[in-house]
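Only the coordinates and a few stated rules stand behind these numbers; no lab work does. Since this is a predicted model, take the numbers as computed values, not measurements. In this analysis, Cβ positions are derived from the backbone assuming ideal geometry, glycine residues included, and neighbour counts consider all displayed protein chains.
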Amino acid sequence: MSTDTTGDAARDDIPAPAGPGDSPFVRACRRQPGPHTPVWFMRQAGRSLPEYREIRANVAMLESCRRPDLVAEITLQPVRRHGVDAAILFSDIVVPVAAAGVELDIVPGTGPVVAEPVRTADDVERIRPITPEDVPYVDEAVRMLVAELGATPLIGFAGAPFTLASYLVEGGPSRTHAKTKALMYGDPQLWHALCSRLAEMTLAFLRVQVAAGVSAVQLFDSWAGALSEADYRRYVLPHSASVLTGLADAGVPRIHFGVGTGELLTAMGEAGADVVGVDWRTPLDVATRRVGPDRALQGNLDPAVLLAPWPVVEAEVRRVLEQGRAAPGHVFNLGHGVLPETDPEVLTRVVALVHDLTAGEAGRR
């Protein structure tokens, strides 16, 4: 979407993308050369945009996720404004959980709140499998977006089993995840039964999006950083791997991201993703040594940097790009989501800066 043509001139051996599957974003995910380092931002469609706040006024979060017209419009807003190299489907990680029959609400200022937290095997049994018929609004929204976006790829979206399980066990957001860990340690059989069911649900949810035309998928494990590597490998990795390897035949890149996961990157790299997202705590050159040479990286500017004066932002963007050159493929992103107080103009300038600085470089890894 950028109007910059420097990269095309410098890399005339790389043809212009014929479609989203040959876009700079997908090429970077596949560790292939491209005209520039691609950019998108987690939570790019969100509260930092005045047009988002306007369209979401008086519309509850879950309702907005179930209305294809709203989903499409909100997803497109940052593509129009910032010229990012990929759109990500506007949704929430609990959308498939609600579709599976769990009573919950997304409370403004709090997050997902579950009416009856999971405590027993009967509670797990009540989480029924989902089918495409349970989420027709997702299929419709994706098809609308694919038609509108043209050569710009659309990223599918889902929460990972551990993070979903944590919400269900805690009953809502948690800083300590104490109830989650108590169940995990105290009743491993029940824990694995819960995560297995959530993995099946998540895989089904992502397959709906793939069938409708997304060009990549991202699995968010927001709370995995609360665990040690040993616990991650024992209690989480098998279920994340079930989702990611279950999409091995889908033909689209798979991205895996977690927060505070610097010590888990090696294990996360084994879960089956093509791209591992890195939060801002771990330099990308360090991250690529931990993940290995067969995975591209995504990240990892600290979202708070965007609130600093522009010279600081520019210097940090340059640092992230320099460290990202160690990776076999790099998708520029933040180390977590855009903060609501971020000036949208800064995001637009960051996209242009990354494109300008990397024009012609992506093919010379």
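Over the range 6-364, what is the percentage of antiparallel beta bridges among all DSSP beta bridges, to the nearest 5? Present the calculation step by step, with values, prior to reporting the outcome.
Values: 4 of 27 bridges.
Around 15 percent of the beta bridges assigned by DSSP in the range 6-364 are antiparallel ones.
Over the chain, with a Gaussian network built from C-alpha contacts below 10 Å, which listed residue (His177, His336, His256) shows the highest mean-square fluctuation? Comparing His177, His336, His256 in the GNM, the peak value goes to His177.
Loop only per DSSP, at most 11 neighbouring Cβ atoms within 10 Å: give me the GluC sites (Glu not before Pro) in the range 301-345, ordered by residue number. Spell out each step's value before the answer.
Numbers: sites: Glu314, Glu316, Glu322, Glu341, Glu345; in loops: Glu341.
For GluC sites (Glu not before Pro) across the range 301-345 that sit outside H, G, I, E and B with at most 11 neighbouring Cβ atoms in 10 Å, the list reads Glu341.
Put simply, the range 267-363 fits an ellipsoid with semi-axes of 23, 15, 11 Å; these come from the alpha carbon gyration tensor as the roots of five times its eigenvalues, largest first.
What's the magnitude of the charge dipole for the range 6-364 around its Cα centre, counting Lys and Arg as +1 and Asp and Glu as -1 at the beta-carbon? Answer in Debye, nearest 20. Write down the numbers at each step before the final one.
Working: 33 positive and 44 negative charges, 114 e Å.
Once rounded to the nearest 20, the dipole reads 540 debye.
Based on Cα atoms of the chain, Rg over Rh with Rh as the Kirkwood radius reads 0.95. Counted residue by residue at 0.36 nm each, then reduced by the alpha carbon distance between them, the extension gain from Ala121 to Glu103 reaches 4.8 nm. Helical runs assigned H by DSSP (4 residues or longer) give the chain a calculated mean residue ellipticity at 222 nm of -13000 deg cm²/dmol, each run adding -39500 (n - 2.57) before division by the residue total. The residues Asp122, Asp139, Asp285, when put in order of fewest to most other Cβ atoms within 10 Å, stand as Asp122, Asp285, Asp139.
Taken over the alpha carbons of the range 92-188 as equal point scatterers, the Debye sum produces base-10 log I(q)/I(0) values at 0.18, 0.21 Å⁻¹ of -0.89, -1.09. Couplings 3J(HN,Hα) of the range 306-320, computed from phi: 5, 8, 7, x, 4, x, 5, 4, 4, 5, 6, 4, 4, 5, 4 Hz, in residue order, whole Hz [Karplus 6.51 cos²θ - 1.76 cosθ + 1.60, θ = phi - 60°; x for Gly and Pro].
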